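The numbers here are math on the coordinates, done by the rules we state, and not lab data. Because the structure is predicted, anything quoted here is derived from the model rather than measured. Methodologically, a virtual Cβ is constructed for each residue, glycine included, from the backbone with ideal geometry; neighbour enumeration extends over all protein chains shown.
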Amino acid sequence: MESILQVKDLVKQYRDFTLDHVSFSLPGGCILGFIGENGAGKTTTLKLILNLIHKDSGEVTLFGMDHVKEERHIKEQIGVVFDESYFHDTLSPKDIASVLSRVYPTWDDGLFDRYLNRFSVPKDKVLKEFSRGMKMKLSIASALAHKPKLLILDEATSGLDPVVRNEILDVFMEFIQDETHSVLLSSHITSDLERIADYIVFLHKGKVVFEEPKDDLLARYGILRCGTEVFRRLDRSEKVGYRQSQFGYEVLVKDRAAIRRRYPGAVVDAATIEDIMLFYVRGEQQ
Amino acid sequence: MKGLLVKDLLVLRKYARTMVVFVLVYIVIFSMLDSVDVISGMVTLVLAMMSVATFSYDELAKWDRFGLTMPVSRNQVVASRYLVCLLFTLIGGVVTLVFRLGFGYFRNTGDPAESLLSSYVILSVAVLFLSLILPFLYKFGPERGRLFMILVFLLPSMLLLFFKDSVFGLFPSEETIEQALIFILPIALAALLLSFYISCRIYAKKEF
C-alpha cells in the first residue's frame, strides 16, 4: 500500500535536545500512535512534519509530495488538532466556520454542523465559555469538516474524560474506514492507542526505539516474573528492562513464547503498551 | 487569504465597537475645542493602532501555530495582516476627511482643499508609521513591539521639542513644504512595500 506519510532521517538540533534521525511511515487506512515520555520529541516531530519549525536535515513526504515544496497543496488535505485550542476566545464555532470555509476549498458546512451536533457543541456560544473538552471537540470537528485525508493529532485526547475520549476514538475509527485516510496521533494515554492504533512508533530521547504493528507488539512482548536464579540465567539480549522488588524480578522480554519454551514453568504475562514504554524508559538505568 | 482577513475582522469586532465609542467621544470633545488637526491625527492613529491589536490577540490565542497548519503560505499570512492594517488606516483617513469637510462646512471655516491635503498627509504618516512598526511587531512580538511603537512617536517629538529653535530656522518656506508634501504618499507606500518584504523575511524564519 502506498504510504500517506513518510519520514526519513529527520533531524532537528536544539541546545539541550536533539531529534535524531527519526524515520517512520504511515500507510493509508491506518492509525499510527506516537508514544514516548514528555520531552521525547513527539511534538517536535509533528511540528517538523507540518513545517511549523524548520528541520535541520531529513526528508518528509506526504501523499508523495515534499512537505516544504508542496506545503499548501499538502495542507489542504490535512486536519490538525493540538493539545489546546488555538482559536480566539471571542470567536464562536460559527465564526470559525466562516473563517475556515474561506481557507479550505473542500470545507463542508453541513458536515461541520453534523459533528458539532454529534459532540453537542453549541454553535453560537463564544469559546470563552467552553470547557476544555468542548474546545477539543470543536477543534476536532473543524479538523474533519474540510474532509482531510490525514489527521494529525498531538495529545488531542489528553485531559478529556473517558466518555468524551471514547466518542472521539470512535470518530477516528470511522474516519479510517476509507482506505485513503490515515491518522497520526501522539498520546500518553497508551490504553487509547492500544484500542485504535495499527502501528506504534516509540520515541525516546529524540530517537525511534521501535516502529511496529501494534498487534505484533502485544502478541510478542511479555513480562516475566522470576526469582534471582532465572534472572541470572537470562541472556542480555532477552531482557529489555527489568524491575526489582522484594519478591524478585519483573523483566520485559521481547519474545514471550520463546521465554516460555526455554524456562518452562516461568510466569510470563502479556505486556501492555504502557509496560513496554515504562520498561524501556526505566530499564536502561540497570 | 480571504479567510485570514475574515478572522482578523471577526476578532476585532468587539474591539472595534469600543473604538467607535472612543472616536465619537474624541470628535465631540475636540469639536468643542475647535482643534480639528489634533482630532484628525488621533482618529487615524487610533485606527492604525487597532490593527496592531490583532498581533496581541493572535499571540493570546497562539493562533499562528494553528494558522500555519492551514493551506496558506507564510507570505500570505503577512500580506493579509498588512492589508488589514491598511484597511483600518484608510477607514481612519476617510472618517477624518469626512469629519473635517463637514466641520468646515458647518462652521464655515477652513478650505476644503486644505482639509484634503491634511488628510492626505495624515494618512501618509499613518502608513509610514505602519511600515516602521510592523516588522518590529513581527520580530519582537506585540509586547516589546508596543514599547518600540511608543519610541517611534516619542523620539521625534522630543527631538523636535529640544532643538526647535535651531531647527525651525532650517525649515524651508511653507510653499516648498506644501509642494514636497505631495510626494509623501508615494514615499510612504514605498516604505510599506519594503517593510512588507522585511516582515516576510522575519516571519519565514519564525518557529511555532
**Q.** Alpha-carbon radius of gyration plus Dmax, which is the widest Cα pair, for the range B:2-205 in Å
**A.** 18.4, 57
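Please report the relative contact order for the range A:3-217, taking Cα pairs under 8 Å with a sequence separation of at least 6, and give it as a percent rounded to a whole number.
Relative contact order, the range A:3-217: 31 percent.
Give me the inter-chain shielding for B:56-66: mean count of other chain Cβ atoms within 10 Å, whole number please. Present the calculation step by step, with values, prior to reporting the outcome.
On the way: counts 0, 3, 2, 0, 3, 9, 6, 3, 2, 7, 11.
Across B:56-66, the average partner-chain Cβ count within 10 Å equals 4.
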Q.
For the range A:92-197, what are Rg and Dmax over the alpha carbons, in angstrom?
A. 13.5, 38
Q: Report the antiparallel proportion of the DSSP beta bridges in chain A as a percent, rounded to a multiple of 5.
A: 65 percent
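Averaging sequence separations of C-alpha pairs under 8 Å and six or more residues apart, then dividing by the length of chain B, give the relative contact order as a whole percent.
Details: 171 pairs, mean separation 55.6, N = 208.
Result for chain B is 27 percent.
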Q.
Compute the distance from the alpha-carbon center of the range B:100-130 to that of the range A:219-278, in whole Å.
A. 84 Å
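DSSP beta bridges in the protein assembly as shown, what fraction antiparallel, as a percent rounded to 5? Can you show the working numbers first?
Details: 35 of 52 bridges.
Of all bridge pairs located within the protein assembly as shown, approximately 65 percent are antiparallel.
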Q: Can you tell me the relative contact order of the range A:221-283? Whole percent, Cα pairs under 8 Å, sequence separation 6 or more.
A: 43 percent
Q. Under 18 Å from the Cα of B:Lys139, which lysines turn up, not counting those fewer than eight places away in the same chain?
A. B:Lys62, B:Lys205, B:Lys206
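Diagonalise the Cα gyration tensor of the range A:215-274 and give the resulting equivalent ellipsoid semi-axes, square root of 5 times each eigenvalue, largest first, whole Å.
For the range A:215-274, the ellipsoid semi-axes come out as 17, 13, 10 Å.
Any idea what diffusion coefficient the range A:3-217 gets from Stokes-Einstein, in µm²/s, Kirkwood Rh on alpha carbon pairs, 20 °C, 1.002 mPa s? Display every interim value, and only then the final one.
Details: Rh = 17.6 Å.
Translational D for this selection: 122 µm²/s.
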Q: Find me the longest stretch of chain B that has none of the exposed trypsin sites (Lys or Arg not before Pro), where exposed means in a DSSP loop (not H, G, I, E or B) with at most 16 other Cβ atoms within 10 Å.
A: B:63-205
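For chain B, what is the mean residue ellipticity at 222 nm derived from helices alone (per DSSP H run of n ≥ 4: -39500 (n - 2.57); sum divided by total residues; nearest 500 deg cm²/dmol)?
Details: 8 runs with 183 residues, N = 208.
After summing the helix terms and dividing by residue count, I get -31000 deg cm²/dmol.
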Q. Where does the Debye-calculated log10 I(q)/I(0) of the protein assembly as shown sit at q = 0.08, 0.09 Å⁻¹, using only Cα point scatterers of equal weight, no solvent?
A. -0.64, -0.75
